[in-house]
Each structure stands twice: as C-alpha cells, then as structure tokens.
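Notes follow once the structure below has been shown.
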Amino acid sequence: MESILRKSPRIKRLAIILVNGYWSIANHIVAHIPFYRLRRFLYRSIYKMKIGKYSSIQMGLFVLSPHKITIGNHTNIGIGVLLDGRRGLFIGSNVDINFNVKIFTLAHDIQATDYKTKGDKVIIEDYACIASGAIVLPGIVIGKGAVVGAGSVVTKNVDPFTIVAGVPARQINKRNNELCYILLPNPFPFH
C-alpha cells in the first residue's frame, strides 16, 4: 500500500481526503449528537475507540486517531475536550477530565530544520483529575490520583497523588492516597 501511495500523488491525495473526512464526521457530526449512548456506539463501532463500562463522553469531543484511544471504566470526559490519539492515548478508570482540556500526543519540533513532527503516547492513570482548560503535552504520564489544576500546561510527568498547577505545571500539594470512589455517569440521556 505504501509503495502505491509513493508512486501516485493522486492516490495519496485521495487517501488524505478520506482520512480527513473520516475524522471530520467524528468531530463535526458524531460529537454533537445529543444522545450519549448513540455517540458511544458510533465511537466504538465505527471509530474503534475503546471505551469502558459506565464511562461518559460529553458533547463536543474533538478526536484525532480515535482507534488509538483507550478509556477505562467510570471515566468522565467533559464538553469540548480534545483527545489526540495519533501516538496512543490511554486514560484509566475513574478519571475526570473537565471541559476544554487538550491532550496532545504529537507536535511539531520547532527546533528541527524541516519542522518535522515528534511525539509519544500519553498515559493518564486511574483516579486522576484534569481541571478545565489544562493542556497535556506529548509523552506525559499523569500518575494515579494526580490532579492537574485549571489552565495548567503539563510539560513533565506528574507523580501519583500529586497536585500540580501553573504554566508550566509544578507541584503545589499532595493528594490523599486512599481513594476508593467510583464516578457515576450522567443519568440523563441528553448530554
């Protein structure tokens, strides 16, 4: 397949259009369906996103490479979240990701002479909480029970049960390490 794409620029352009169209439907149509169960069904069946039991994805999700995203059980994804699965994204169970959070796995290398891309998978472990407007950069591991403050930019790994905030995010406190709660999905069908 790669040899065909290298030989024919027309086929390569067609492939790019198809892939972009595939993502556009997820981001501009599926993400705005007001019935969560239908959205979850489409993300799982058409886009091959792995979504655990009782996890909830609010409307307005923007997703890249959904087939490389895994979401655990009882996890809440808020309104307007960006999930970039291009290099792999694993989100554990009982994770709370608030609205307008952006999680990237790929970015341009601004120091490279050819401006090439670089990145790595992002792992968010169980019981983590990422507050509104936070940005997680490629290759980051957010430890079990860690909390990322609102508007923070996470440029380095976050240790388990650590609370970080700021730009760049720095440790400001520790969190209780005896967590045993279960996040419940929204009981209303329209969300």
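The values are calculated or read from the model by the stated rules, or taken from the named source; none is laboratory data. Note that this is a predicted model, so its numbers are computed, not measured. Cβ sites come from the backbone with ideal geometry, for glycine too, and all protein chains shown count toward neighbours.
Which of (1) surrounded by fewer than 18 Cβ atoms within 10 Å (Cβ to Cβ); (2) not in a strand (DSSP E or B) is the odd one out, the single condition S93 does not satisfy?
Only one criterion in (1) surrounded by fewer than 18 Cβ atoms within 10 Å (Cβ to Cβ); (2) not in a strand (DSSP E or B) is unmet by S93, namely (1).
Checking the structure you have, find out if any residue of region 111-131 is over 10 Å from the mean Cα position of the chain (by Cα), surrounded by fewer than 18 Cβ atoms within 10 Å (Cβ to Cβ), closer than 27 Å to I29 by Cα and not aliphatic (A, V, I, L, M).
Checked against the condition, which is being over 10 Å from the mean Cα position of the chain (by Cα), surrounded by fewer than 18 Cβ atoms within 10 Å (Cβ to Cβ), closer than 27 Å to I29 by Cα and not aliphatic (A, V, I, L, M), region 111-131 yields at least one hit.
Do you know which of the residues in region 25-45 that are under 15 Å from S65 (Cα atoms) and among the hydrophobic types (A, V, I, L, M, F, W, C) is modelled with the highest pLDDT?
Taking the candidates together, the pick is L42.
Pick from region 46-89 the residues that are surrounded by fewer than 21 Cβ atoms within 10 Å (Cβ to Cβ) and in a helix (DSSP H, G or I): which of them is modelled with the lowest pLDDT?
The residue in question is H67.
Please go through (1) surrounded by fewer than 18 Cβ atoms within 10 Å (Cβ to Cβ); (2) closer than 22 Å to G52 by Cβ for I103 and return the number of the only condition it doesn't satisfy.
Result: I103 fails condition (1) only.
Of a type in the set (A, V, I, L, M) and either at pLDDT 95 or above or touching a strand residue (DSSP E or B) at 6+ places or on another chain (Cβ under 7 Å) (or both): does that describe L18?
no
Report, by residue number, each residue of region 100-121 that is at pLDDT 95 or above and either assigned to a loop (DSSP other than H, G, I, E, B) or closer than 19 Å to Y47 by Cα (or both).
N100, V101, I103, F104, T105, D120, K121
Among the residues of region 165-182, which ones are under 22 Å from the mean Cα position of the chain (by Cα), farther than 18 Å from D96 by Cβ and not β-branched (V, I, T)?
Residues satisfying the conditions are G166, P168, R170.
Please count how many residues of region 26-45 are farther than 11 Å from G60 by Cα and exposed (fewer than 14 other Cβ atoms within 10 Å of the Cβ).
Summing the residues that are farther than 11 Å from G60 by Cα and exposed (fewer than 14 other Cβ atoms within 10 Å of the Cβ) in region 26-45 gives 5.
What pairs come out if I take residues in region 152-175 that are without any contact (Cβ under 8 Å) to a residue 12 or more places away in the chain and pair them with residues that are among the hydrophobic types (A, V, I, L, M, F, W, C) whose C-beta lies under 7 Å away, six or more apart or interchain?
R170/V164; N173/I163
Where the second residue is assigned to a strand (DSSP E or B) and crowded, with 18+ Cβ neighbours inside 10 Å and the first is free of Cβ contacts under 8 Å to residues at least 12 places away in the same chain and of a type outside the set (A, V, I, L, M) and lies in region 38-50, which pairs have Cβ atoms under 7 Å and are six or more apart or on separate chains?
Within 7 Å, the pairs are R44/I51.
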